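All remarks here apply to the structure that follows.
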Amino acid sequence: MVYPPAPWNLQGYAVQTLQLIDVTRVRPLVPSELEIVSVLPGKTLGGVYVSSYGLGSVMEYNELIVVSAIVSYAGKWGAWISHIYVDNPNSVAGGRKIWGLPKELAQFNWEGSDSVKASPLGYRVTVSQGNLQLCSLNYSQQSFVFPLPFSGNVFSADRTNLLMFKGEFQSRIGLIKGEVKIPKESHFASLNLGQPLLTVGCEDMRLIAGAPEVVGNIAAEFSY
């Protein structure tokens, strides 16, 4: 497989949801060294991120990320990604080798336009692995957007080491309506992701995934 070194510069469009997740449900998917941050009693924050990276990116592909918790370690906070899917084998190889992320191959189907309504909200993206549907996200068109720069940490693991990298994000974002459907057969159905607290669409998005650093060791060998 051929993939570029970090950092990866990516450009395109994304839809991001924000959801409450039970801490007890996500705890088995997170190394014990990481503390899960509760925003409400027994609840952490997570969400589903679906994107399409196109021209101007280090490589072109679609991506589904399940952020299943906000975690902390040694005074630093960040997101924990428990599931991640792409449709480019080079992205799978690079994600696993560079960042220790559990990338898998999947198929993406984007539907909808101003004239063809693919769902009650107008647009839909469905992510599947063969005959197994992982999730579908129905969403509406953005009516108002504003520029937003953002940066944050992401934790990952490569069996014995705890890694952290920074994601830098710039986009024109807007609140939209979103509905997430996750079949009971999906690999992350156990998270019991409910309907989003909010959903945003990200236009003209520019994302930089920085090089990871080792921030700690994992006492027991960890595998996603």
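Every number here is computed from the coordinates shown, using simple stated rules; none is lab data. Since this is a predicted model, take the numbers as computed values, not measurements. When we count neighbours, we look across all protein chains shown, and the Cβ atoms used for this are built from the backbone with ideal geometry, even at glycine.
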Subset of the stretch 38-57 (residues that are aliphatic (A, V, I, L, M) and within 18 Å of the chain's Cα centre (by Cα)) | 45, 48, 50
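Being among the aliphatic types (A, V, I, L, M) and outside any strand (DSSP E or B) is the filter here, so list the residues in the stretch 170-192 that pass it. Can you show your working first?
At the first step, the residues of the stretch 170-192 found to be among the aliphatic types (A, V, I, L, M) are 173, 175-176, 180, 182, 189, 191.
Hits for the stretch 170-192 are 182, 189, 191.
Can you tell which of 212, 196 is under 15 Å from the mean Cα position of the chain (by Cα) and of a type outside the set (S, T, N, Q)? Please lay out each step first, then the result.
Working: 212 fails: under 15 Å from the mean Cα position of the chain (by Cα).
Exactly one of 212, 196 is under 15 Å from the mean Cα position of the chain (by Cα) and of a type outside the set (S, T, N, Q), namely 196.
Are there strands (runs of 3 or more DSSP E) fully within the stretch 1-88 with at least 2 residues that are surrounded by fewer than 17 Cβ atoms within 10 Å (Cβ to Cβ)? List them.
Details: elements: 8-22, 43-53, 61-73, 76-86.
Here the list reads 8-22, 76-86.
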Among residues of the stretch 58-79 being in contact with a helix residue (DSSP H, G or I) (Cβ under 7 Å, 6 or more places away or on another chain) and of a type in the set (Gly, Ala, Ser), the residue nearest to residue 93 (Cα to Cα) is 68
Here the residues within the stretch 154-169 that are part of a strand (DSSP E or B) and touching a residue at least 60 places away in the same chain (Cβ under 8 Å) are 154, 155, 156, 157, 161, 162, 163, 164, 165
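Could you please let me know if residue 91 is part of a helix (DSSP H, G or I), crowded, with 17+ Cβ neighbours inside 10 Å and of a type in the set (S, T, N, Q)? Spell out how you get there, then give the answer.
Values: part of a helix (DSSP H, G or I): yes; crowded, with 17+ Cβ neighbours inside 10 Å: yes; of a type in the set (S, T, N, Q): yes.
In short, yes.
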